[in-house]
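Chemist: My questions will all concern the structure given below.
Read the figures in this text as sums done on the coordinates, not as results from a lab. Bear in mind that the values here come from a model prediction, so they are computed numbers and not experimental data. When we count neighbours, we look across all protein chains shown, and the Cβ atoms used for this are built from the backbone with ideal geometry, even at glycine.
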Amino acid sequence: MMTNLFSIFDPTTNLFNLSLNWISTIIGLMFLPFSFWFIPNRHFFFWNFIINKLHSEFKTLLGPNSMNGSTFIFISLFTLVLFNNFLGLFPYIFTSTSHLTISLSLSLTLWLSFMIYGWINNTQHMFIHLIPQGTPTILMPFMVLIETISNIIRPGTLAVRLTANMIAGHLLLTLLSSSNINAPNYLIGILIFVQILLLTLESAVAIIQSYVISILSTLYSSEIN
């Protein structure tokens with residue numbers, strides 16, 4: 001029984017005094033070796049189709065000056081977030097992407113690597129990026145301040161966007177599931193139908209949020225070239 005509505009996001013819950021809930025973050029690695037020796041099937045071809053589409057889209061966003069293989073960083077990010085988002089929709093599985101511990105670690109690491117690389121290799125370009133073209137001279141100090149702040153909060157907005165969307169859907173599903181204990185039979189049927197619709201919506205949100213965080217990371221990376 002839940003003592004608190006937010007206890008479903010509690011990372012300190014454990015089994016036999018072992019904190020096993022974070023294992024869901026890396027459990028997908030167990031399935032990677034199978035893809036190297038299994039006979040290619042429809043699932044394999046479908047996933048390759050998705051990766052090729054993402055590769056071509058990320059390559060377009062990064063531009064012609066991007067390094068070869070840089071798109072696979074963002075494809076890996078998309079795969080990791082998508083796997084953990086979907087895993088959290090299963091009962092009794094810990095949703096790691098609903099915590100800033102995971103989402104902020106991913107976004108902050110990528111953002112810091114972009115900034116360090118950009119300021120070391122493209123210093124002049126990074127300074128020019130702080131002042132949009134056509135800005136009046138009197139407004140330049142304010143634009144530098146605004147662009148600097150907007151640049152600093154980027155990893156936070158990426159992390160909070162992913163975390164908030166994961167928390168919102170799970171809380172709504174939890175509220176609906178806990179409200180049908182003493183409800184009439186006809187109302188229980190309606191609530192179950194609504195929960196199925198919400199679960200479908202959450203599946204779409206899981207895909208959209210993983211796509212959004214990878215696309216925004218790609219756009220942030222393209223600005224340093």
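Chemist: With r as the distance between the Cβ atoms of ILE50 and ILE131 and R0 = 35 Å, compute the FRET efficiency 1/(1 + (r/R0)^6) and round to 0.05.
Modeler: FRET efficiency, ILE131 to ILE50: 0.35.
Chemist: Okay, next question. Cα axis of helix 185-222 to longest principal axis of the chain: angle in degrees, 0 to 90, nearest 10?
Modeler: 20 degrees
Chemist: Pop the C-beta distance of ILE188 and TYR211 into the FRET formula with R0 = 35 Å and round what comes out to the nearest 0.05.
Modeler: That pair, ILE188 with TYR211, gives E of 0.50.
Chemist: Same structure, new question: Please compute the modelled spin-label separation between HIS43 and ILE153, points set 7 Å along Cα→Cβ, answer in nm with one decimal.
Modeler: Inter-label distance under the simple model: 4.2 nm.
Chemist: Of GLU202, GLU57, GLU147, which has the largest mean-square fluctuation in a 10 Å C-alpha GNM of the chain?
Modeler: It is GLU147.
Chemist: Do you know the relative contact order of the chain, to the nearest whole percent, from alpha carbon pairs under 8 angstrom that are 6+ apart?
Modeler: For the chain, the relative contact order is 30 percent.
Chemist: What ratio of Cα Rg to 2.2 N^0.38 Å holds for the chain?
Modeler: Expressed relative to 2.2 N^0.38 Å, the Cα Rg reads 1.24.
Chemist: If you stretched the chain out fully between MET140 and ARG161, how much longer would it get, using 0.36 nm times the residue separation minus the C-alpha to C-alpha distance?
Modeler: Additional length available on full extension: 4.6 nm.
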